[in-house]
Each structure stands twice: as C-alpha cells, then as structure tokens.
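We did not get these values from a lab; they are worked out from the coordinates using the rules stated. Keep in mind that what you see is a predicted model, and the values were worked out from it rather than measured. As a convention, Cβ positions derive from the backbone with ideal geometry for all residues, glycine included, and neighbour counts pool all protein chains shown.
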Amino acid sequence: MSEDSTRDIILTALADLQTKLGQVLDKIDQLENRVSRLEEIVQERLYDTRPNFHMLSQQIEGIIQRLDGIDGRLDHLEHKIDVLGLDVLNTRTNLAATIRRVERLEQH
C-alpha cells in the first residue's frame, strides 16, 4: 500500500503541476495578446502623428524661409539707416560751415 500511496501522491502532485503549468501558459498567452494589442496601438498612433509631424515640419521650414527674408530686408534697412545717418552728419557739417561763412560775411 505504501507504493500505491506514494504513486498517488506523485500523480496528484503531477496533476497539480500540470494544472499550474496550464494556468501559467494561459497567463503567458494573455500577456502576449496584450503586448500585441499595445504594439498595434503604438503603430496606429505613429500613423496618427506622422502626418502632423510632416505638416509641422513644412510649416517650420516656411517660417524659417520667411525669417531669412525678413533678416535680409532688415540688413538692407540697416544699411540705409547708416547711409542716412552719414548724410545727416554731412548736412550738419555743411550747415555749420555755411553758418560760419555767413557770420564772417555779416561781420565784414
């Protein structure tokens, strides 16, 4: 009877292990399904953001081109202001010289 009892214990333990193994395999299948679904969600979101990224990238490129144009126009305007400043200084110098000549003429 001792052998039967040992065999029954081993068979019961084996049956329990098989049950637990089946549960573990079921959990692994569930996890694999969840991971697959998460991968699908990630791929769907990538497709959702790619057009937005592409559109934003084009808009940023357009803004950069506009800023480059504005920068060039500002450089040109700055040059004109420098020339105008020199003209004003020359005009003041000429005016001062003219005033001195008039004052000398008035004194004589």
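For the reader, a short list of remarks on this structure follows.
- Taken over segment 81-103, the criterion of being within 43 Å of the chain's Cα centre (by Cα) and either surrounded by fewer than 10 Cβ atoms within 10 Å (Cβ to Cβ) or hydrophobic (A, V, I, L, M, F, W, C) (or both) is satisfied by 81, 83, 84.
- Matching option when the condition is at negative phi and over 20 Å from the mean Cα position of the chain (by Cα), among 61, 32: 32
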